Amino acid sequence: MHNELKITDMQTLESNEKTIDKSTNSISLDLPDFTTDSYKDAYSRINAIVIEGEQEAHDNYISIATLIPNELEELTKLARMEMKHKKGFTACGRNLGVVADMEFAKKFFSKLHGNFQVALEKGNLTTCLLIQAILIEAFAISAYNVYIRVADPFAKKITEGVVKDEYLHLNYGQEWLKENLSTCKEELMEANKVNLPLIKKMLDEVADDASVLAMDREELMEEFMIAYQDTLMEIGLDNREIARMAMAAIV
Ligand code: PL3
Ligand code: FE2
Ligand code: FE2
């Protein structure tokens, strides 16, 4: 089923797949049917991943604050935003009549979660920031940017608000790592080698469900790489170092 939208005159629409029906003078945006069982089934896992991801992001910023006490206020602000995001996405699921599969989502994050906890215990702030403020945020940004293009109107509005915040979070990690690059570079590279492949695996794991939501795997990867590489560049790494880091995703 296509959600039809009337167009007038030369109006153009931003959409990845649009087809024009000459007889009715309407455009089909190729949005998925949000009411089918298959959509709801896939959404029950994706929605859970996002809800769990927002909760863990909250917890991670609170944890990071224990390693940089003078940043407590700023990090508490970021953590609060994550709780708002969680509420927003919970409402998205409720709006579609979907029950989120939280058990699935906990498992989905468990490896990355474990690595974060170990880094936290050891006081490895660079690793904690890379995992949460760079990798997870870039993953969220890629997912939300792609989702916005194919979401139901209610979720679209919420996700647009959320993704703006996620750029702030990415920026937070970026600025800290930039200021401390001379002392944290080695740990950054090592942590990336361990954790970027996990992000790649998570993306592969979610790809089938995402495609039911009309989210394309290649597009997700592309969006991730843009956010990830931009950030590494801003941190002050050169082309070769960035290429080396990105390569960890394909080995
Ligand atoms: C950081 O603030 C939050 C981290 C959340 C990580 C989300 C990853 C999402 C992957 C699934 C793609 C589908 C997105 C659809 C949104 C309902
Ligand atoms: Fe968030
Ligand atoms: Fe975030």
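Assorted remarks:
- Of the residues making up the range 195-229, those that are surrounded by fewer than 21 Cβ atoms within 10 Å (Cβ to Cβ) and polar (S, T, N, Q) number 2.
- Matching residues in the range 127-163 - criterion: being assigned to a helix (DSSP H, G or I) and among the charged types (D, E, K, R): Glu137, Lys156, Lys157, Glu160
- For the range 145-155, the criterion of a residue being touching a Cys at 6+ places or on another chain (Cβ under 6 Å), within 14 Å of ligand 1 (Cβ to nearest atom) and not polar (S, T, N, Q) is satisfied by at least one position.
- Flag for Val99 being exposed (fewer than 14 other Cβ atoms within 10 Å of the Cβ), at pLDDT 95 or above, aliphatic (A, V, I, L, M) and not in a helix (DSSP H, G or I): yes
- Enumeration of residues in the range 115-125 that are farther than 15 Å from Met202 by Cβ, in contact (Cβ under 8 Å) with a residue 12 or more places away in the chain, part of a helix (DSSP H, G or I) and open to solvent by 10 Å² or more (accessible area, probe 1.4 Å): Leu120, Leu125
- Criterion: under 20 Å from Phe154 (Cβ atoms), within 16 Å of ligand 2 (Cβ to nearest atom) and not polar (S, T, N, Q) - qualifying residue of Lys77, Lys86: Lys86
- Of residues in the range 27-72 being away from ligand 1 (no atom under 13 Å from the Cβ), in contact with a helix residue (DSSP H, G or I) (Cβ under 9 Å, 6 or more places away or on another chain) and among the acidic types (Asp, Glu), the one least open to solvent (accessible area, probe 1.4 Å): Asp33
- Residue in the range 76-91 that is among the small types (Gly, Ala, Ser) and open to solvent by 50 Å² or more (accessible area, probe 1.4 Å) present: no
- Subset of the range 151-176 that is away from ligand 3 (no atom under 16 Å from the Cβ) and of a type outside the set (Phe, Trp, Tyr) - its residue that is most open to solvent (accessible area, probe 1.4 Å): Lys157
The values are calculated or read from the model by the stated rules, or taken from the named source; none is laboratory data. Computed from a prediction, not measured in an experiment: that's the story for all the values here. With ideal geometry, Cβ positions are generated from the backbone for all residues, glycine too; neighbour counts draw on all protein chains shown. Each accessible area value is taken on the protein alone, full model and side chains, heavy atoms only, with ligands, DNA and RNA left out. Shrake-Rupley method; radii C 1.70, N 1.55, O 1.52, S 1.80 Å.
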